[in-house]
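Participant: Below is a structure I'd like to ask you about.
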């Protein structure tokens, strides 16, 4: 790893950063999809009628069981079999988003169940419907409780976006490998650079979540147990 | 919340927009000089330029998609992409699942070893030796068919990309790497004094462009016609002289200087002439 190789990787940093922006776009897409579906399935699993509860746990089991790389390839290659090709990016958002939704559902389920049962009873006693109680009383509390677990999921899926390389998404790992393919001695410096970029991103993301957690904390409430 | 989920799903599904007369070309863009990503992030290489030139000559658009080598044929079969252009050797096994163009290149396999290993082509491929190759390549198939199947118990170690195999060879975990001639020579050039060509295996492999079985979109006749025109006009020879045996930085600089002739002025013949002349000029 001579200095000249590091300098060449440094010169290609704009290309790597451009790749990283694709990872961030992927992250935004898959976290949003996972968040929306995750809440739906968490609520179904905790408060839904029995058949839906069963369906929700089946869903979580399914998408937590299939290896991600396999899920990615299935979503990518599957639809085109029926004449509906989708791009690698779309496939990655859907596959990784569905997978993330299964994990996020479990995070929110745990948080919902951590809210004392009396809260639901009290909300119902005040005349709220079950759905209103979930929306206005239980979910806001559950969100606060789920932040730590959610930060964990964020850190995991951020790195998962590099898997999209396998379905032809031109993201940061693609560019790192390209540098190595063009000039093999650059391989290791390029990989180390990408690792450093992810260290920075994870730090920034988790710090932000830490700030949110602090802002949302209600002194005395969480410590009551 | 639920409405937002529906909106997200709808947006995602709408992204699969299609233009008319546009073919998607899949390539593992990590195999210079046939295809690689330049320092500035452009896709270039012999295969890709041939695809671009034929597209201009035959009046269709192409979009080049980067795909891992062993995913290209599955993607062509699935209809995900239309053309595979990635230095594919025409083999009977592959010809059962896809259709090939006529051969456009002939290559042999090369065996690389570490310069200080003292191995030659015989000792590097003896029983017990670890031989590296890229997954899904004919180099890997050659080791399986001509060594392992014949009872020569070498250990075949497979890698996702060719550079990874070379890294492992340099790290001392394997004894040799088998790969096509041009990329092997490229690797030796990049590690002067560290890698050595142990020998050439005369496999006389022919490369072809590939499309889905039965060629449902009728692409092959157009590729054939395009290759014919390139050969008749001398553009083919110019392209060969530009891409083979030259340092990648030189080719990249020449490509950057000339590519607008192809993409803007849409003149493949003049583009190839420009590329060859510029490479010559820059080498001096």
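Participant: Could you work out how far helix B:162-171 tilts from the main Cα principal axis of chain B, as a 0 to 90 degree angle to the nearest 10?
Facilitator: With rounding to tens, the tilt is 30 degrees.
Participant: Relative contact order of chain A: what whole-number percent is it, with Cα pairs under 8 angstrom and at least 6 residues apart?
Facilitator: That works out to 29 percent.
Participant: Helix A:172-182 versus the longest principal axis of chain A: what angle, 0 to 90°, nearest 10, using Cα atoms?
Facilitator: 20 degrees
Participant: Please determine, in degrees from 0 to 90 and to the nearest 10, the orientation of helix B:248-263 with respect to the longest principal axis defined by the Cα atoms of chain B, where the helix direction is its Cα long axis.
Facilitator: Taking Cα atoms only, the helix is inclined about 20 degrees.
Participant: While we're looking at this one, here's another question. Take chain B, connect every pair of alpha-carbon atoms lying under 10 Å apart with a spring to form a Gaussian network, then pick out the residue of B:154, B:97, B:264 with the largest mean-square fluctuation.
Facilitator: B:264
Participant: For chain B, give the share of DSSP beta bridges that are antiparallel, in percent and rounded to the nearest 5; count only bridges with both residues there.
Facilitator: Given both bridge residues lie in chain B, the antiparallel proportion sits at roughly 60 percent.
Participant: Give, to the nearest whole percent, the P(r) tail of chain B beyond 22 angstrom, counting all Cα pairs.
Facilitator: Here the tail beyond 22 Å accounts for 61 percent of pairs.
Participant: Further question on the same structure: Quick check: the distance between the Cα centres of segment A:1-66 and segment B:212-260, to the nearest angstrom?
Facilitator: About 39 Å separates the Cα centre of segment A:1-66 from the one of segment B:212-260.
Participant: Cα-based Rg (one decimal) and Dmax (whole number) for segment A:112-185, in Å?
Facilitator: Using the Cα atoms of segment A:112-185, the pair Rg, Dmax is 22.4, 70 Å.
Participant: Let me make sure I get this right: for segment A:3-216, a, b and c are the square roots of the gyration tensor eigenvalues over alpha carbons, sorted descending. Under 1.5 in a/c it's rounded, otherwise prolate if a/b > b/c, else oblate. Which is it?
Facilitator: oblate
Participant: Right, next: What does the convex hull of the alpha-carbon atoms of the protein assembly as shown project to on average, in nm²?
Facilitator: 29.0 nm²
Participant: With the cut-off at 1.5 for a/c, could you classify segment B:229-277 from its C-alpha gyration tensor as rounded, prolate or oblate?
Facilitator: Cα axes put segment B:229-277 in the oblate bin.
Participant: Right, something else. Let me know the whole percent of all Cα-Cα pairs from segment B:53-110 that are separated by more than 15 Å.
Facilitator: Cα-Cα pairs in segment B:53-110 separated by more than 15 Å: 58 percent.
Participant: A follow-up question, please. Using label points projected 7 Å from each Cα along Cα→Cβ, tell me how many nm separate residue B:241 and residue A:117, to one decimal.
Facilitator: About 8.6 nm, to one decimal.
Participant: Nearest-5 percent of antiparallel DSSP beta bridges in the protein assembly as shown?
Facilitator: 60 percent
Participant: In percent, how large is the relative contact order of chain B, given Cα pairs closer than 8 Å and 6 or more residues apart?
Facilitator: 22 percent
Participant: Oh, and also: Choose one answer from A:42, A:148, A:117: the residue with the largest mean-square fluctuation in a GNM of chain A with alpha-carbon springs under 10 Å.
Facilitator: So, out of A:42, A:148, A:117, the one fluctuating most is A:117.
Participant: Right, next: Could you give the length gained on full extension between residue A:69 and residue A:32, defined as 0.36 nm per residue of separation minus the Cα-Cα distance, in nm?
Facilitator: Gain in length upon complete extension: 11.3 nm.
Participant: Also: Classify segment B:107-205 from the C-alpha gyration tensor, please: rounded if a/c falls under 1.5, else prolate or oblate depending on whether a/b exceeds b/c.
Facilitator: Since a/c stays below 1.5, the shape of segment B:107-205 is classed as rounded.
Participant: Now for a separate question. Per DSSP H run of at least 4 residues, take -39500 (n - 2.57); add these up for the protein assembly as shown, divide by its residues and hand me the 222 nm value, nearest 500 deg cm²/dmol.
Facilitator: Per the formula, -18500 deg cm²/dmol.
Participant: So, in Å, what gap is there between the alpha-carbon centers of segment A:162-194 and segment A:72-121?
Facilitator: 27 Å
Participant: Estimate the FRET efficiency between residue A:2 and residue B:200 by the formula 1/(1 + (r/R0)^6), using the beta-carbon distance for r and 22 Å for R0, to the nearest 0.05.
Facilitator: The value I calculate is 0.15.
We did not get these values from a lab; they are worked out from the coordinates using the rules stated. Quick caveat, the model's predicted, so the values are computed rather than measured. All Cβ positions, even for glycine, are placed from backbone atoms using ideal geometry, and neighbour counts span all protein chains on display.
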